[in-house]
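The values are calculated or read from the model by the stated rules, or taken from the named source; none is laboratory data. Not measured: the values here are computed from a predicted model. Here the Cβ is made from the backbone with ideal geometry for all residues, glycine too, and neighbour counts use every protein chain on show.
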Amino acid sequence: MKEQIKIRAKNLNFYYTDFLALSEVSLDFFPHQATALIGPSGCGKSTFLRCINRMNDLIPGVRVEGSLCLDGQDIYGPKVDVVEIRRRVGMVFQKPNPFPKTIFENVAYGLRVNGGRDREALSRRVEESLRLSALWDEVKDRLDQSALGLSGGQQQRLCIARALAVRPEVLLMDEPASALDPIATQKIEELIHELKKRFTIIIVTHSMQQAARVSDRTAFFYMGRLIEVGNTETIFTYPRHKQTEDYITGRFG
Amino acid sequence: MDLIEAALERRPENKEADGFRAPGMSRRKAVQAGMFGLFRAAALINGLALLVIVFFLLKNGAGSVTWEFLTEQPYDSMTRGGILPCIVGTLILGLGAMLVAFPLGVASAVFLSEYAAPGRAVRVIRLGINNLAGVPSVVFGLFGLAFFVTWCGFGVSILSGVLTLGLLSLPVIIGTAEEALRSVPQTYREASLGLGATKWQTISRVVLPAAVPGMLTGSILGLSRAAGETAAIMFTAAVFFSPRMPSGIFDQVMALPYHIYVLATAGTEIEKTRPLQYGTALVLICLVLGMNLAAIWYRARIQKRNQ
């Protein structure tokens, strides 16, 4: 299975001021796959995720060493346009965070800030994105109503539609179902199965079952280090490291 | 849960009452009732103070507030007639001050809490703003006289008064605007930036719209303070008596608070004009209340639209 590498981290170190949060992480991600990042709280999996679209830049005093490449181009290179990186690498957050705008405007937001003006084209892309996120049928009659009136699960699918609207190449998901009930969670998971056919998906999750259900590959982080990465099935059935086994069998974490 | 309790029971030192259980319950409840009573009394006193003021003004001033009082100019050395020029003057000064201070204050707040890297410079600026809030208004008045009236050559005019009042209400507006910006969830900013929006797009399209209702609260406070201000306009904008309405920004104006001050201290017939003084004060209070209500209504409308 020799595939093109979408994202490649090589010896990545990450510091919050003096605290080393990621240490020597080397990890590749392939197109049209979902990769799950698992590990106990504070292990660095979310920090790693937020390195990929440079969301950590917002925090004062952070520092990155090593290299992190998107299609071979260093995300932290000196000539890189952060705005462009973030357009190509979409993100869905832990808690649904729709803007206090209408459903339509939420999805159209990314298009508008990227220069979309034509109402017709916007409408088409909004519908396409809402269909992709399996929300269209539920909201098509109330696109002009506030997004805050949707249920938590619908809001999260709206956030996914919003991220998809700008046609990113990679979709980062930071525990996207942790604030949702089981049924809404199931919908999100089904969605991930569909979406990974088109995008590279990286999902942080605290739920072992979820990682097993949605991902093709799984990476286990512990204390800022990548302990083990491999096919999800292999990781869950024959983990090579004792720490991985302890974690997935629920002995700690 | 039961297991843990059983385990605790087995520990020898827990055989006796350890002070964490039932004893002292009635005392704690009494303390609680006492404290609530105290807070309730404090709130009540505040409410009462306002009621007493309004009652006092109504009792003494309501008699002189007539249609003529609101729509005519004063005459006979201001012992008779109305206060229309003062009402107009106060409206112009108050709204003008907001026109100056709101954009400037919001822009400063955006710089301080969204753009500027936290550090010494920002701390010094913030300290300066906080101190500005504590400067007595008469000092603002003198500054306005020296700077706007004399140095800038605006003379005693609406322009000088508006700028002085604007400066005076800036700290309140910056403070509440910053507070409003801080209360915008960080997740909105992250979501916007995550979609490839620039920082300015994020601020102008997401952060500011979400913060505007809170900012309006600040402008309400600033407006109230500006409209009721006497010392700051005494040397910069207000005139003792003007036989005509202002026709431009370089005109002087009469204003309600200054009018009260003049009638109560410098008039020829101080005692005779008492009812007029109370009437004017009543009108001023109602005007401020009216402006507040308008701003609150507007804020509520925005909030509703946002939800």
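So for the stretch B:97-120 (the condition being within 27 Å of residue B:163 (Cβ to Cβ), polar (S, T, N, Q) and out of contact with any strand residue (DSSP E or B) (no Cβ under 8 Å at 6 or more places or on another chain)), does at least one residue qualify? Give the derivation first.
The first filter runs over the stretch B:97-120 and keeps only residues within 27 Å of residue B:163 (Cβ to Cβ), leaving B:97-116.
Restricting the remaining residues to those that are polar (S, T, N, Q) gives B:108, B:113.
Filter once more, so that each one left must be out of contact with any strand residue (DSSP E or B) (no Cβ under 8 Å at 6 or more places or on another chain): B:108, B:113.
So far as the stretch B:97-120 goes, yes, one or more of its residues are within 27 Å of residue B:163 (Cβ to Cβ), polar (S, T, N, Q) and out of contact with any strand residue (DSSP E or B) (no Cβ under 8 Å at 6 or more places or on another chain).
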Query raised in the report: Restricting the search to the stretch A:199-245, which residues are surrounded by fewer than 22 Cβ atoms within 10 Å (Cβ to Cβ) and small (Gly, Ala, Ser)?
Result: A:207, A:212, A:224, A:230
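For the stretch B:270-280, state whether one or more residues are assigned to a loop (DSSP other than H, G, I, E, B) and buried (at least 18 other Cβ atoms within 10 Å of the Cβ).
Restricting attention to the stretch B:270-280, the residues satisfying the condition of being assigned to a loop (DSSP other than H, G, I, E, B) are B:270-273.
Narrowing the set further to residues that are buried (at least 18 other Cβ atoms within 10 Å of the Cβ) leaves B:273.
Yes, there is a match, as at least one residue in the stretch B:270-280 is assigned to a loop (DSSP other than H, G, I, E, B) and buried (at least 18 other Cβ atoms within 10 Å of the Cβ).
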Query raised in the report: Within the stretch B:94-105, is there a residue that is surrounded by 19 or more Cβ atoms within 10 Å (Cβ to Cβ), touching a residue at least 60 places away in the same chain (Cβ under 8 Å) and more than 19 Å from the chain's Cα centre (by Cα)?
Result: no
Query - Some residue of the stretch B:175-189 being touching a residue at least 40 places away in the same chain (Cβ under 8 Å) and touching a Lys or Arg at 6+ places or on another chain (Cβ under 8 Å) - result: no
**Report entry** Selection within the stretch A:172-187 - aliphatic (A, V, I, L, M) and surrounded by 24 or more Cβ atoms within 10 Å (Cβ to Cβ)
**Finding:** A:172, A:173, A:177
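Return the only residue of A:77, A:116, A:90, A:61 being within 13 Å of chain B (Cβ to nearest Cβ), surrounded by fewer than 21 Cβ atoms within 10 Å (Cβ to Cβ) and under 19 Å from residue B:198 (Cα atoms). It would help to see each step written out before you state the result.
Working: A:77 fails: within 13 Å of chain B (Cβ to nearest Cβ); A:90 fails: surrounded by fewer than 21 Cβ atoms within 10 Å (Cβ to Cβ); A:61 fails: under 19 Å from residue B:198 (Cα atoms).
Step by step, each of A:77, A:116, A:90, A:61 is checked, and only A:116 is within 13 Å of chain B (Cβ to nearest Cβ), surrounded by fewer than 21 Cβ atoms within 10 Å (Cβ to Cβ) and under 19 Å from residue B:198 (Cα atoms).
Condition first: outside any loop (DSSP other than H, G, I, E, B), without any contact (Cβ under 8 Å) to a residue 24 or more places away in the chain and exposed (fewer than 14 other Cβ atoms within 10 Å of the Cβ). Now tell me which residues in the stretch A:10-33 satisfy that.
Going through the stretch A:10-33, the residues outside any loop (DSSP other than H, G, I, E, B) turn out to be A:10-16, A:19-29.
Going one step further and asking which of them are without any contact (Cβ under 8 Å) to a residue 24 or more places away in the chain, we end up with A:19, A:28.
If the condition is that a residue be outside any loop (DSSP other than H, G, I, E, B), without any contact (Cβ under 8 Å) to a residue 24 or more places away in the chain and exposed (fewer than 14 other Cβ atoms within 10 Å of the Cβ), then A:19 is the only one that fits.
Looking at residue B:203, is it under 30 Å from residue A:56 (Cβ atoms) and in contact with an Asp or Glu (Cβ under 6 Å, 6 or more places away or on another chain)?
Details: under 30 Å from residue A:56 (Cβ atoms): yes; in contact with an Asp or Glu (Cβ under 6 Å, 6 or more places away or on another chain): yes.
Spelling it out, residue B:203 is indeed under 30 Å from residue A:56 (Cβ atoms) and in contact with an Asp or Glu (Cβ under 6 Å, 6 or more places away or on another chain).
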Query raised in the report: Taking residue A:203, is it aliphatic (A, V, I, L, M), away from chain B (no Cβ under 14 Å), within 16 Å of residue A:93 (Cα to Cα) and in contact with a Ser or Thr (Cβ under 8 Å, 6 or more places away or on another chain)?
Result: yes
Report summary line: Counted residues in the stretch B:286-307 being modelled with pLDDT of 85 or more and buried (at least 18 other Cβ atoms within 10 Å of the Cβ) come to 2
Query raised in the report: Condition test on residue B:236, is it touching a residue at least 24 places away in the same chain (Cβ under 8 Å), in a loop (DSSP other than H, G, I, E, B) and farther than 27 Å from residue B:149 by Cβ?
Result: no
Report summary line: Subset of the stretch B:185-215, residues at pLDDT below 90 and not in a helix (DSSP H, G or I), comes to none
Requested in this report: Quick one: which residue in B:122, B:110 is surrounded by 18 or more Cβ atoms within 10 Å (Cβ to Cβ), more than 16 Å from the chain's Cα centre (by Cα) and within 22 Å of residue A:58 (Cβ to Cβ)?
Outcome: B:110
Report task. Taking the residues in the stretch A:119-141 that are away from every other protein chain (no Cβ under 14 Å), of a type outside the set (A, V, I, L, M) and in contact with a helix residue (DSSP H, G or I) (Cβ under 7 Å, 6 or more places away or on another chain) as candidates, determine which candidate is nearest to residue B:303 (Cα to Cα). Result -> A:138
**Report entry** Filtered residues of the stretch A:93-113 (kept if more than 10 Å from chain B (Cβ to nearest Cβ), farther than 15 Å from residue B:192 by Cβ and either touching a residue at least 60 places away in the same chain (Cβ under 8 Å) or buried (at least 22 other Cβ atoms within 10 Å of the Cβ) (or both))
**Finding:** A:103
Query raised in the report: Would a scan of the stretch A:149-157 turn up a residue that is in contact (Cβ under 8 Å) with a residue 24 or more places away in the chain and surrounded by fewer than 17 Cβ atoms within 10 Å (Cβ to Cβ)?
Result: yes
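Tell me, yes or no, whether the stretch B:197-211 has at least one residue that is away from chain A (no Cβ under 14 Å), surrounded by 21 or more Cβ atoms within 10 Å (Cβ to Cβ) and under 21 Å from residue B:102 (Cα atoms).
Applying the first criterion (away from chain A (no Cβ under 14 Å)) to the stretch B:197-211 yields none.
No, the stretch B:197-211 has no match at all.
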Report summary line: Those residues of the stretch B:141-184 which are farther than 20 Å from residue B:241 by Cα, in a helix (DSSP H, G or I) and of a type in the set (Val, Ile, Thr) amount to B:150, B:164, B:172, B:173, B:174, B:176
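Filter the stretch B:125-144 down to the residues that are among the hydrophobic types (A, V, I, L, M, F, W, C) and under 22 Å from residue B:207 (Cβ atoms), then identify the one that is surrounded by the fewest Cβ atoms within 10 Å (Cβ to Cβ).
Across the stretch B:125-144, the extreme among qualifying residues is B:125.
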Report task. Please work out if residue B:294 is free of Cβ contacts under 8 Å to residues at least 40 places away in the same chain, away from chain A (no Cβ under 14 Å), more than 23 Å from the chain's Cα centre (by Cα) and assigned to a helix (DSSP H, G or I). Result -> no
